[in-house]
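What follows is one structure encoded as structure tokens, with my remarks underneath.
The values are calculated or read from the model by the stated rules, or taken from the named source; none is laboratory data. The shown structure was predicted, so the numbers you read here are calculated from the model rather than taken from an experiment. Every residue, glycine among them, receives a Cβ derived from its backbone with ideal geometry; neighbour counts consider all protein chains shown.
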């Protein structure tokens, strides 16, 4: 029944006979009180009393067993009756625009609560029992900051706080603890919340806790200069999150804090930018001298890739390139060049590594992998590393050797890794040489080295 804007100042007692009434709208009238006879409306589900002059609510509200939504906007309510907590079917309560200073215990069935534009200064401890609450509006109240108890509401999805007293929140630590929050209005700028929510959702799915999310948030905002603590293994794991801005910032932070993690970070993020003004050919040559490679998009190389690039599952999506500060990337490349130069100029060390690779012994191969990871790979041993991978019987070792090949083979030689032709040293020498030539065709790998491998194996 819709009786809005009828200047009703008093409700007659015989209205109590409307026992089958389900919807009643008495908004924008002149009501100052509600008669006890309305306690007989046992089938009432929705009741709107907005814009009246009510100063108190009757106790009989607890006797309305199926009342689901009660709206009391813009009245003169200074306090609420304790009977409100006994309204077991109530799911939506609107108290906006009333001079309320405190809230009594509320029914645990509530899903939506609006107390905006009231004089409330704090939320009661009983608020923590509202386990079904999904939407809360506390805009323009006297509550000074986000109460920690809100982070304990398991289903709170929408928090509206227009006119937040301190302006945009700077410390987002508490927001990381909200288990279900999807929409936040007024506490942060819209773009800031969208960024933070994306981080929280992706981070939780990947197993990151609140404190780790706080660290990642700081890194995303401050990049390499972020002052926070995050273990190396967790930082590398965070590079798998599908947030390009975080991955860019995190890579710079990793290489600054953990210089030895450069290859690992690059392998995880995959895409780096080329410094502006540097010729592609010169940049590509310098990178390949360090065991890095350029990834080509069409005919023109466009990004530096360390290890396997994280190509998207859907081809129409183009991954955003990560961009390092040029000074950080130059420092990283200088260190890698020094490692490679040292490896090239030490023939005794190179011969020892070659014997390890040709031994095909799992213990020596593991030692060789550690050596290459720590000291680089001389260019003349690239074919030996390829053969060690091709002839290795251990699946785990093969995977590690393949990763090293991805890091240390020039881009043009990578095609050899995708050719699935079998290779066995027990083959006839002529057949072995032909098979090796097929595997290395169009690359810079030396097919003749396979004969030296066969001779080495026969001597052993």
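Quick notes on this one:
- Residue 393 satisfies every condition listed in (1) more than 13 Å from residue 357 (Cβ to Cβ); (2) in contact with a helix residue (DSSP H, G or I) (Cβ under 9 Å, 6 or more places away or on another chain); (3) part of a helix (DSSP H, G or I) except (3).
- Residue check, residue 19 free of Cβ contacts under 8 Å to residues at least 24 places away in the same chain and part of a loop (DSSP other than H, G, I, E, B): no
- Some residue of the range 21-31 being out of contact with any strand residue (DSSP E or B) (no Cβ under 8 Å at 6 or more places or on another chain) and closer than 23 Å to residue 139 by Cα: yes
- Restricting 365, 377 to residues that are assigned by TED's automatic domain parsing to the domain that holds residue 350, at pLDDT below 85 and closer than 20 Å to residue 347 by Cα narrows the list to 377.
- Residue in the range 174-182 that is more than 22 Å from residue 234 (Cα to Cα) and surrounded by 12 or more Cβ atoms within 10 Å (Cβ to Cβ) present: yes
- Just one of the listed residues (388, 430, 452) is in a helix (DSSP H, G or I), in the same structural domain as residue 361 (by TED's automatic domain parsing) and loosely packed, with under 14 Cβ neighbours inside 10 Å, namely 430.
- Where helices (runs of 4 or more DSSP H) sit wholly within the range 156-242, those with at least 3 residues that are within 30 Å of residue 112 (Cβ to Cβ) and without any contact (Cβ under 8 Å) to a residue 24 or more places away in the chain occupy 190-205.
- Within the span defined as the range 153-167, every residue fails to be more than 31 Å from the chain's Cα centre (by Cα) and surrounded by 14 or more Cβ atoms within 10 Å (Cβ to Cβ).
- Some residue of the range 129-148 being within 26 Å of residue 31 (Cα to Cα), surrounded by fewer than 17 Cβ atoms within 10 Å (Cβ to Cβ) and without any contact (Cβ under 8 Å) to a residue 24 or more places away in the chain: no
- Members of the range 375-385 found to be farther than 19 Å from residue 442 by Cα and part of a helix (DSSP H, G or I), listed by number: 375
- Conditions (1) touching a residue at least 12 places away in the same chain (Cβ under 8 Å); (2) under 24 Å from residue 372 (Cα atoms); (3) assigned to a helix (DSSP H, G or I); number of the one not met by residue 399: (1)
- Annotation note: Cβ proximity below 6 Å between a residue of the range 362-384 that is closer than 20 Å to residue 395 by Cα and a residue that is modelled with pLDDT under 80 and in a helix (DSSP H, G or I) (sequence gap 6+ or interchain) occurs for no pair.
- In the set 190, 201, 222, only one residue is at pLDDT below 90, closer than 18 Å to residue 241 by Cα and surrounded by fewer than 20 Cβ atoms within 10 Å (Cβ to Cβ); that residue is 222.
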